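S.K.: To start, I am sharing the structure in question, which I have written as structure tokens.
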Amino acid sequence: MIAALALTAALASTPAAGCVAETGAFEWGFKESFRAYISGSIANGEWTTEGGIGYATPAFFAERLEGPLALDPLAGTLAVDGALRFTGHEGILDTTISDVRLVVESPDTLSVVVDIRGTTQDFVPVDSVDVPFLTGDLAAARWSADGQELLIEGIPLTLTAEGAEAFGTYPEGEAFDPLDLALATSEECAARAIESRTAGETVPLIVAAGVIAGGVAIGAVLAVLLRRRRATMGV
């Protein structure tokens, strides 16, 4: 966490050469088959959330991710102070995943970094911090602009070697549920980011009216994600 905060502070203190997103939101099912196992008759367990992470069937969500995330080129960290806790087997399985950070390592690569504590599905004690848990393929995601929101939906996520060791249950390379990410920025920045992505080359992104005020923007961002999910589900 200290390293993530240091990175965030460094980015915040550097004058932005292009567009930035100070805040964002995500929706993420984590892993549907794991949730089915937890809630099934074998584990007979449940999951709970804490802090800035919530749950509304069928996905976890964070209403406010804190940045900044530079958009030209895409780089930086978005973080949420919250946790997902999975329990089962009458408390023998008790795994908490907390301090979730979405770290953009390159324009095409996202890393989900977390702290993992408790006991795994195999009842092995774990206490690991700053685990590069999952790797996301931004190039394979769907990019779109919706007014003042930049949407990056369906980001494929796979388990890393470090994630497999800390979490247990699954081998390296196992697919987890894709993640939907929405970033609050200006309308021009969102549009220009899509233009840059579509062109497949770096196009300077011009800061328009600045970053939207956090509270209002994130309400709109989460609403966009929820609206997209309801449309997909036919609700």
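The values are calculated or read from the model by the stated rules, or taken from the named source; none is laboratory data. Computed from a predicted structure; not experimentally measured. All Cβ positions, glycine included, derive from the backbone under ideal geometry; neighbour counts span all protein chains shown. Areas reflect the complete protein model, heavy atoms only, side chains present, ligands, DNA and RNA absent. Shrake-Rupley method; radii C 1.70, N 1.55, O 1.52, S 1.80 Å.
S.K.: Can you spot a residue in region 105-120 that is touching a residue at least 60 places away in the same chain (Cβ under 8 Å), open to solvent by 10 Å² or more (accessible area, probe 1.4 Å) and not aliphatic (A, V, I, L, M)?
M.R.: So far as region 105-120 goes, yes, one or more of its residues are touching a residue at least 60 places away in the same chain (Cβ under 8 Å), open to solvent by 10 Å² or more (accessible area, probe 1.4 Å) and not aliphatic (A, V, I, L, M).
S.K.: Among the candidates Asp72, Asp81, which residue alone is of a type in the set (Asp, Glu) and surrounded by fewer than 21 Cβ atoms within 10 Å (Cβ to Cβ)?
M.R.: Values: Asp72 fails: surrounded by fewer than 21 Cβ atoms within 10 Å (Cβ to Cβ).
Of the residues listed, the single one that is of a type in the set (Asp, Glu) and surrounded by fewer than 21 Cβ atoms within 10 Å (Cβ to Cβ) is Asp81.
S.K.: Can you pull out the residues in region 90-104 that are of a type outside the set (Lys, Arg) and either more than 17 Å from Arg117 (Cα to Cα) or open to solvent by less than 10 Å² (accessible area, probe 1.4 Å) (or both)? Step through it out loud before you land on a result.
M.R.: Applying the first criterion (of a type outside the set (Lys, Arg)) to region 90-104 yields 90-100, 102-104.
If the condition is that a residue be of a type outside the set (Lys, Arg) and either more than 17 Å from Arg117 (Cα to Cα) or open to solvent by less than 10 Å² (accessible area, probe 1.4 Å) (or both), then Glu90, Leu93, Thr95, Ile97, Val100, Leu102, Val103, Val104 are the ones that fit.
S.K.: Further question: Under the condition of being free of Cβ contacts under 8 Å to residues at least 12 places away in the same chain and not charged (D, E, K, R), which residue from region 127-169 is surrounded by the fewest Cβ atoms within 10 Å (Cβ to Cβ)?
M.R.: Ala161
S.K.: Scan region 170-180 for residues that are open to solvent by 30 Å² or more (accessible area, probe 1.4 Å), within 14 Å of Lys31 (Cβ to Cβ), of a type outside the set (A, V, I, L, M) and part of a strand (DSSP E or B) and report the count. It would help to see each step written out before you state the result.
M.R.: Looking only at region 170-180, we keep the residues that are open to solvent by 30 Å² or more (accessible area, probe 1.4 Å), and these are 170-175, 177-178, 180.
Those left that are additionally within 14 Å of Lys31 (Cβ to Cβ): 170-171, 173-175, 177-178.
Restricting the remaining residues to those that are of a type outside the set (A, V, I, L, M) gives 170-171, 173-174, 177-178.
Still in the running and part of a strand (DSSP E or B): 177-178.
Within region 170-180, residues that are open to solvent by 30 Å² or more (accessible area, probe 1.4 Å), within 14 Å of Lys31 (Cβ to Cβ), of a type outside the set (A, V, I, L, M) and part of a strand (DSSP E or B) number 2.
S.K.: Right, something else. For region 107-129, give me each residue that is in a strand (DSSP E or B) and under 15 Å from the mean Cα position of the chain (by Cα). Break it down stepwise before answering.
M.R.: Within region 107-129, the subset in a strand (DSSP E or B) is 109-119, 125-129.
Thr109, Leu110, Ser111, Val112, Val113, Val114, Asp115 - these are the residues of region 107-129 that are in a strand (DSSP E or B) and under 15 Å from the mean Cα position of the chain (by Cα).
So that you can scan it fast, the table gives a plain yes or no per residue for (1) in contact with a strand residue (DSSP E or B) (Cβ under 9 Å, 6 or more places away or on another chain); (2) in a loop (DSSP other than H, G, I, E, B); (3) not polar (S, T, N, Q):
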position	(1), (2), (3)
Thr23	yes, no, no
Ala36	no, no, yes
Glu50	yes, no, yes
Glu66	yes, no, yes
Gly76	yes, no, yes
Arg85	yes, no, yes
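S.K.: Specify the residue that is farthest from Gly82 (Cα to Cα); the eligible residues are those in region 19-35 that are modelled with pLDDT under 95 and among the aliphatic types (A, V, I, L, M).
M.R.: Val20
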